[in-house]
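To keep things clear, I will list the structure first and then write my remarks on it.
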Amino acid sequence: MTEKPAPLLEVRDLSVSVSRDGAPTRILRGVNYRIYPGETLAIVGESGSGKTLGALSVVRLLPPGAKIDSGGVLYGGKDLASLSEEELREVRGAGISMVFQEPMTSLNPVLTIGLQLAEPLMEHKGLSYAQALPACAGLLEKVGITDAKNRLAQYPHNFSGGMRQRVMIAMALACGPDLVIADEPTTALDVTVQAQILDLVDALKKESGMALALITHNLGIVAQRADYVLVFYAGRVFERAPAAEFFKSPANPYSRALLNSLPRWSDKPGEPLKTIEGLPPSFDEDPPGCPFAPRCPEVFEKCRGQEPPEFRTGERRASKCWRSEAGFEL
Amino acid sequence: MPAILNVDNVTKRYRKAGGLFSSGGELFTAVDGVSLSLEMNTTLGIVGESGSGKTTLAKLILGIEKPDSGRVVLDGKELSSLSSAGLRKARRGAQMVFQDPYSSLDPRMKVGDLVLEPLRAAGEKIADGEKTAAALLEKVGLKADALRRYPHEFSGGQRQRVAIARALATGPRLILADEPISSLDISIQAQIMNLLNELKKELGISYIFISHDLAAVRYLCDFVAVMYRGCVVEYASAAELFRDTRHPYTRLLLSAVPDPDPARKTVLEERRGGSGAGPGPQACVFSDRCPRAEQACLGGRPGYEEITPGHFVRCCRTHT
C-alpha cells in the first residue's frame, strides 16, 4: 500500500449548488478524494447527505439547476469539470460507467435486452448492431446469465430483479471502463441475491482491474467489500480513510455515532440501541460552525462558532472535526 | 402464557394469471401448511426472500385473505368463522405498519386526521379528537403541534412514527410490521427499533416483524420463523436460532448478511450452478439450492420436526 500508482481520478475542492427559484443552495462543499486503479471506494452517508451527488458530479450527472461552483475533477490528465457535453459523453459509458439502484426503471421496458446492451458499443465503439451482438452475448455470459443468445431477444420483464441488475452490470462493462460508479446497486434485492451480485462484481474487478465507486448506506457491505471509505454529512466529506482503519478507529464523531447505531451480533437483545438524536440539517439552513454540532455527542465550544477544515489524521486519512486538530491541516 | 395468535396448518393457493383468452393458469401455493403461535407480549420475526410467502401469511393473519385450508385464531377468535362485522371488530385488535411511510400515509390528510382514521373507520365516536390524537402522537415521541401538519412536512423516520401512532389508535394487541425500517437511514432505524421495544414494554403488545434484515430481527425478536417457498423451514427462539442454526436455508441467509466487522468475512453458503428450474414436485423445496442436498432430499418432502424443545426444522438431513 505504500507505493501507490498515480490516482485514476482526483476530485479537488468540488462545490456544487442547485438553484431553485433563482436562489442557489450549496449541496456539496469542498469535496476532496482520490480513486486509485482497481480499488473499491465506498461512499456512505444518510439520505440527503450528498453521497450520490458526490459521485455522480464526477461525470457531471447533475440534477436540473445544479452547477459546479468551484473545484475540479482530474481524470486521465483532463479536468472533467471543464469538458464540453460532447467530450464528456465520450468519457461516460466508455471510461467511466454507471450502475443505478433500480434495474426495473433504468432499463427500457419496450426494447430487447440485446438492443440495450448493444447501445454503448454502437455509441462508443462505432459498431453496427449486427457487429455488436456477439459481444453482447459474451457480456451476458460474463455476468453469469446462461442461454445468452436467446436471452438477448427477450425484454426486461422476462428477467428477475437480480437478473436485471446483472444486465445493468453487463451494460456498464460493455466498453471496458476503468471506473464503475454504482449507486445502491443491490438495495432493492434480496440478501442472497445481493451477495451473489457483489461476488460477481468482485470477480469482474479482479479480472479487469477496474475501480469501483460504491454508493451505499449498508455499512456491512462497506466492511466486507471496500478498500477505502468516504463518509458524507451535510454535503461535506466528514471522514475519508482506508476501510480497515475506518472500522477499527473511526476518527470523526459522526462516523463513530453511525457505527454505534448499528445492531450488532454482539448486542444484547432488548437493550436500547445507541441512536444519533435529531435530524441532519436541511440544505437551506446554513448555521455557522460544524453542521453536525447540534447532534454531536463530543461537541465543544469551538464547534458551534467555526466550521472545521479537513485535518489529516494519517496516511490517506482525513477528518473534518476540531477534535482531529492535533494533526496538521491539509 | 396465553397465545395472542394461533396459525394452524394454513395453506393459501392462487391461480397464476393465464393468457388473455385462457380461463386461468396453474395453481401456485403461496403459503404451504404453515403452523405458528405467538404468545402475548412477544415479538415473532418472519424472514425469507421475496416470494417466500411472508406477506401472504400476514394477510391471512389479518383476515384480509381467507385460507384454503387450516385455521387462523386471533385473540381467541377463529377468523374464517366470523361475519364481516365480526371480522371488522377482530381487526381492531391487529394493526399493520408498512415499509414505506411515504406511500402509506395519504398526503392530503393532516397528521391529526391520519392517526384518528382507524378509529373513525371502526365507527367509533371520538369525544375529544384533538386530545386523543395528541396522546397517540406523544406515545411515539411526536409533539402535539404535529397534528395540524401534513405528512410531507416530516422526515421518513417521523412519518414512520405517525404510521405507528395510527396503528396504535384502536388499541391493538398485535401489530404486524412489514419491513418497517428498511427504507430508513441507519441512525433512524435504531430510533424506530427502540420505539417499538418501548411500546412493547409499555403497552404489552405483541409484534410480527417481517424483515430481511437479520441483525434487526435478532435484536428485536423473541422468536423467528424462516420461510422458503411458502413453508416455514425453521422456527425457534431468536437466541436458539442464531446460536444453533440448523436449516441449510437459514445458514445461507445468515451467510449472505455482510458483517459490519471487516474481520468477520462472510462467504455465501449456496450450491452454485443449479438449473434455476426449481425443485421437483416431490422434492424438498430447498433441494435445488441446498449445498447439503442428497438423493433422499429429491424423493420426499421432509416433515416439520421438533429437534429440541421449541426448535422446529423441515429438513431431511437434520440428523446427519
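The values are calculated or read from the model by the stated rules, or taken from the named source; none is laboratory data. What you see is a predicted model, and the numbers here were worked out from it, not measured in a lab. Glycine also receives a Cβ, built like all others from the backbone with ideal geometry; neighbour counts cover every protein chain displayed.
What the table shows:
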quantity	calculated
Residues located in segment B:23-78, provided they are acidic (D, E) and not in a strand (DSSP E or B)	B:E26, B:E49, B:E65, B:D68, B:D75
Sole residue being surrounded by fewer than 21 Cβ atoms within 10 Å (Cβ to Cβ) and in contact with a helix residue (DSSP H, G or I) (Cβ under 9 Å, 6 or more places away or on another chain), chosen from A:F283, A:F300, A:F292, A:F311	A:F300
Subset of segment B:217-262 [of a type in the set (K, R) and part of a helix (DSSP H, G or I)]	B:R218, B:R243, B:R251
Helices (runs of 4 or more DSSP H) within segment A:201-291 that include 1 or more residues of a type in the set (S, T, Y)	A:253-260
Given (1) more than 19 Å from the chain's Cα centre (by Cα); (2) modelled with pLDDT under 95, index of the condition B:H247 fails	(2)
Residue check, B:G76 in contact with a Cys (Cβ under 6 Å, 6 or more places away or on another chain) and closer than 22 Å to B:G204 by Cβ	no
Subset of segment A:105-121 [of a type in the set (A, V, I, L, M), part of a helix (DSSP H, G or I), more than 25 Å from the chain's Cα centre (by Cα) and under 18 Å from A:S160 (Cα atoms)]	A:I113
Residue match in segment B:173-181 (condition: on the phi > 0 side of the Ramachandran plot and either out of contact with any helix residue (DSSP H, G or I) (no Cβ under 7 Å at 6 or more places or on another chain) or away from chain A (no Cβ under 14 Å) (or both))	yes
Number of the exception - A:A132 against (1) in a helix (DSSP H, G or I); (2) more than 14 Å from chain B (Cβ to nearest Cβ); (3) in contact (Cβ under 8 Å) with a residue 40 or more places away in the chain	(3)
Residue match in segment A:153-163 (condition: within 14 Å of another protein chain (Cβ to nearest Cβ), among the small types (G, A, S) and in a helix (DSSP H, G or I))	yes
Residue in segment A:31-43 that is surrounded by fewer than 19 Cβ atoms within 10 Å (Cβ to Cβ) and part of a strand (DSSP E or B) present	yes
Hits in segment B:234-248 (condition: away from every other protein chain (no Cβ under 11 Å) and either in contact with an Asp or Glu (Cβ under 6 Å, 6 or more places away or on another chain) or closer than 11 Å to B:H311 by Cα (or both))	B:E234, B:Y235, B:A236, B:E240, B:L241, B:D244, B:T245, B:R246, B:H247
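Quick grid of which residues meet (1) under 22 Å from A:V31 (Cα atoms); (2) surrounded by fewer than 22 Cβ atoms within 10 Å (Cβ to Cβ); (3) among the β-branched types (V, I, T):
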| position | (1), (2), (3) |
| --- | --- |
| A:K51 | yes, no, no |
| A:R60 | yes, yes, no |
| A:S70 | yes, yes, no |
| A:A81 | yes, yes, no |
| A:Q101 | no, yes, no |
| A:M104 | no, yes, no |
| A:L111 | no, yes, no |
| A:E123 | no, yes, no |
| A:G126 | no, yes, no |
